[in-house]
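The structure appears right after this line, and notes come after that.
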Amino acid sequence: MASTTVSATRMELTRLKGSLKTATRGHKLLKDKRDELMKQFMDNVRQNRALRAKVEEGLMRAHGSFTVASALMSTEMLEQSLMYPKQTVELDMSFQNIMSVNVPVYHFKTQNADKGDLYPYGFATTSCELDGAVEALSEVFQDMLELARIEKTCQMLAEEIEKTRRRVNALKYVKIPQMQESIKYISMKLEENDRNNTIRLMKVKDMILEQSIEEQRAADAKALESAAKKRQIPQ
């Protein structure tokens with residue numbers, strides 16, 4: 001129902017019609033944005049599912065190799081072999097805009113691009129299973145970083161989808177119906193005022209017409225009276 005505080009004027013009606021047009025267009029744009037966000041979200045969810053399975057498989061392989069290596073080597077030798085890492089990693093972050101959502105993008109870079117320059121120990125005193133574990137962790141690290149990026153992207157997209165959905169529903173079920181009701185209310189008021197003005201003008205016209213008829217009758221009666229007096233005057 002339209003608010004009783006709405007001014008029933010043609011200027012307010014014009015303003016509300018413009019606002020309704022803008023709100024309708026905004027609703028369509030937000031709906032399109034929500035649909036595209038859902039598409040991007042589902043694509044990232046599928047990537048997340050596949051990448052998570054790959055990361056879990058790599059971690060299980062690395063864990064299995066470490067378990068065998070710890071069984072073949074003493075605890076002191078294992079800790080000493082891994083105490084001083086040989087490679088350093090640089091991690092940079094930038095942002096990618098997806099439907100007005102700035103999602104993070106991670107850039108991974110090692111100090112030395114040679115994959116063989118990875119093991120911080122000598123091969124004479126260590127087990128080959130430790131080599132496999134270190135190599136497996138090195139391979140899964142980038143996948144873990146990409147998995148973190150995708151999961152963060154999914155989280156941010158989900159929050160934006162919820163925010164956009166609320167805006168779409170607010171426009172569809174609250175703002176647009178309120179403006180439509182207000183426009184209908186003002187239109188009915190203006191039509192009622194026009195009918196009242198028309199009736200008022202018709203009554204004024206009838207009153208003027210009656211007054212004109214009365215004046216004409218009075219003038220005719222006066223003319224007849226004057227003519228009668230003239231006939232009564234003796235010659």
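Just a few scattered comments:
- Members of region 29-67 that are basic (K, R) and touching a residue at least 60 places away in the same chain (Cβ under 8 Å): K31, K33, R34, R52, K54, R61
- Enumeration of residues in region 205-230 that are of a type outside the set (D, E, K, R) and open to solvent by 70 Å² or more (accessible area, probe 1.4 Å): M207, I208, L209, Q211, I213, Q216, L224
- Only one of the numbered conditions (1) touching a residue at least 24 places away in the same chain (Cβ under 8 Å); (2) touching a helix residue (DSSP H, G or I) at 6+ places or on another chain (Cβ under 7 Å) is not met by S70, and that is (1).
- Every residue from region 152-175 that is charged (D, E, K, R), surrounded by fewer than 16 Cβ atoms within 10 Å (Cβ to Cβ) and in contact (Cβ under 8 Å) with a residue 60 or more places away in the chain: R165, K172
- Beta carbons closer than 7 Å, at least 6 apart along the sequence or on distinct chains, pair a first residue in region 187-206 that is under 24 Å from V6 (Cβ atoms) with a second that is open to solvent by 70 Å² or more (accessible area, probe 1.4 Å) and part of a helix (DSSP H, G or I) for L190/R10.
- For Q87, the criteria (1) modelled with pLDDT of 75 or more; (2) surrounded by 11 or more Cβ atoms within 10 Å (Cβ to Cβ) hold in every case but one, which is (1).
- Any hit, region 155-162, residues being under 16 Å from the mean Cα position of the chain (by Cα), farther than 19 Å from L30 by Cα and not aliphatic (A, V, I, L, M): yes
- Some residue of region 176-183 being among the polar types (S, T, N, Q), open to solvent by less than 70 Å² (accessible area, probe 1.4 Å), at pLDDT below 90 and touching a helix residue (DSSP H, G or I) at 6+ places or on another chain (Cβ under 9 Å): no
- Residues that are open to solvent by 80 Å² or more (accessible area, probe 1.4 Å), at pLDDT below 95 and either among the polar types (S, T, N, Q) or within 21 Å of G18 (Cβ to Cβ) (or both) do occur in region 138-146, at least one of them.
- Members of region 90-116 that are of a type in the set (A, V, I, L, M, F, W, C), loosely packed, with under 11 Cβ neighbours inside 10 Å and modelled with pLDDT of 85 or more: M93, F95
The values are calculated or read from the model by the stated rules, or taken from the named source; none is laboratory data. This structure is a prediction, so every number in the text was calculated from the model and none was measured. Please note: Cβ atoms are built from the backbone with ideal geometry, for glycine as well, and neighbour counts cover all protein chains shown. These area figures cover heavy atoms from the full protein model, side chains too; ligands, DNA and RNA do not enter into them. Shrake-Rupley method; radii C 1.70, N 1.55, O 1.52, S 1.80 Å.
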